[in-house]
Each structure stands twice: as structure tokens, then as C-alpha cells.
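Below is one structure, written out as C-alpha cells; comments come after it.
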Amino acid sequence: MAKIGLRYPIYAKYKEDTGGKVTYSDAATIGKAIKADINITVSDVKQYGDDEIAEESHEFSGGTIALETTDLSAANYATLLGHSQGDGDDEDEIICKDTDKSIYVGFGFYARKQVNGVDAWRAIWFPKVIFSEPNDSLDTKGETIVFGSDTIEGSIHKDPDDVWKCERTFATRAEALAWIKKKANAEGDV
């Protein structure tokens, strides 16, 4: 399988009621996707008996996702990390306090892949992610222009049903987009 490209990074606010039912709201895209690095941690536990493995368990224990994007807008930055924005003419101003708290979101994207010369679209949804303050790096312009980008990293968690990832492959891009938008409870042009 050849992985080709990455598109449509989308998040939606995560809400869990007292009965464990999860809903999503206020879906938004995060710029244009450049790269997504997903690292999953699995706890490997082995029990030995009679000098051999008697029982073995491999369970999800957590993970991270680092999303590199063309733009982390002021609105997305403030929403994801619990910061506030200015009003009126100052709405692009971000006010960061040490008491600000990041929120849980559902997060996903889709990507093209090719198997035996046939294109397919792989859509991935993480039902519960919390992003943390991104690092920032700026360079002076030299003889040639180098584009900078934003990278935001999140921790992947299990939802109340112990689901940490949903994934599906589609024959068309439109089907993958529709599925990811449905997961995010996104309506219209998000």
C-alpha cells in the first residue's frame, strides 16, 4: 500500500453526559494538513508459567498525534487550548493565561492510498483527543524563502466505550469526506 497525501484535518468539541453518551459540536477544520504523526503506546504484559508464556496481553494505553498544518488560526488556537480572543477589531488577539484549560475534541482526517494501482481513501477518526500548547519556531528570511508551518500535538484517549480510533477505507474521496464529517457532526461547508 502506498500512502499518498493527507487532507481535511477536522475537530469537533467533545461532550460526554453522565450516562457516558458522547456528542460532538462546533466542527471546524485546522488549516490544510501537511503531516500527521501518530504514535500509539501499547502495554505488553506477559505471564510466564512452566518456563514459557502462559498469558499475554497487548492493550492500548495511550497515544499522541502531531498535526503539522498550514495555519493554526486564532479561533482554532483559542478554542482547542481554552484561551480567549479579543473582541471586535481585536478578535485575532489571543490572550493566554496559566489557568486556561484545553478541551477534549474528536479529531480526524482522510488520506489517499493506492493498492495494486487502485486508489482508495482512508478516513481516520479519534473520538477523544486533547491538544497541548504548541512549540513555536521562527526563522529570519535568508537568500531563499523557507515556509514555516504550525504543529500541534494531542494526546489520544479512549471514549466511554473504550474506543480510541475509528478507521474506514472508501472507494471515493467524497465518501471518505462524508464519513469524517458525519463523525464530527459537521454540517454544511466546514
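No lab work stands behind these numbers, since they all come straight from the coordinates. Bear in mind that the values here come from a model prediction, so they are computed numbers and not experimental data. Because the Cβ atoms are built from the backbone with ideal geometry, glycine has one as well, and the counts that use them run over all protein chains shown.
Summary table below
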quantity	calculated
Computed log₁₀ I(q)/I(0) - Debye formula, equal Cα scatterers, no solvent, segment 150-190, q 0.14, 0.27, 0.30, 0.33 Å⁻¹	-0.48, -0.99, -0.99, -1.03
The chain - mean residue ellipticity at 222 nm from DSSP helices (-39,500 (n - 2.57) per run, n ≥ 4, rounded to 500)	-3000 deg cm²/dmol
Relative exposure of I156, I30, I53, judged by other C-beta atoms within 10 Å (fewest first)	I53, I156, I30
25 Å Cα-Cα reach of K182 towards lysines, excluding residues that sit fewer than 8 places from it in its own chain	K3, K13, K15, K21, K32, K35, K113, K128, K158, K165
Cβ-defined net charge surrounding T64, 11 Å radius [Lys, Arg +1; Asp, Glu -1]	-2
Hydrodynamic radius of segment 2-183 per Kirkwood, over alpha carbon pairs, in Å	18.6
Nearest 10 degrees, 0 to 90: helix 173-183 Cα axis against the chain principal axis	90
Most positive-pole-ward Cα, W179, I95, S137, against dipole of segment 2-183 from beta carbon charges	W179
Label-point gap, in nm, between I53 and V190 - each point 7 angstrom along Cα→Cβ	4.0
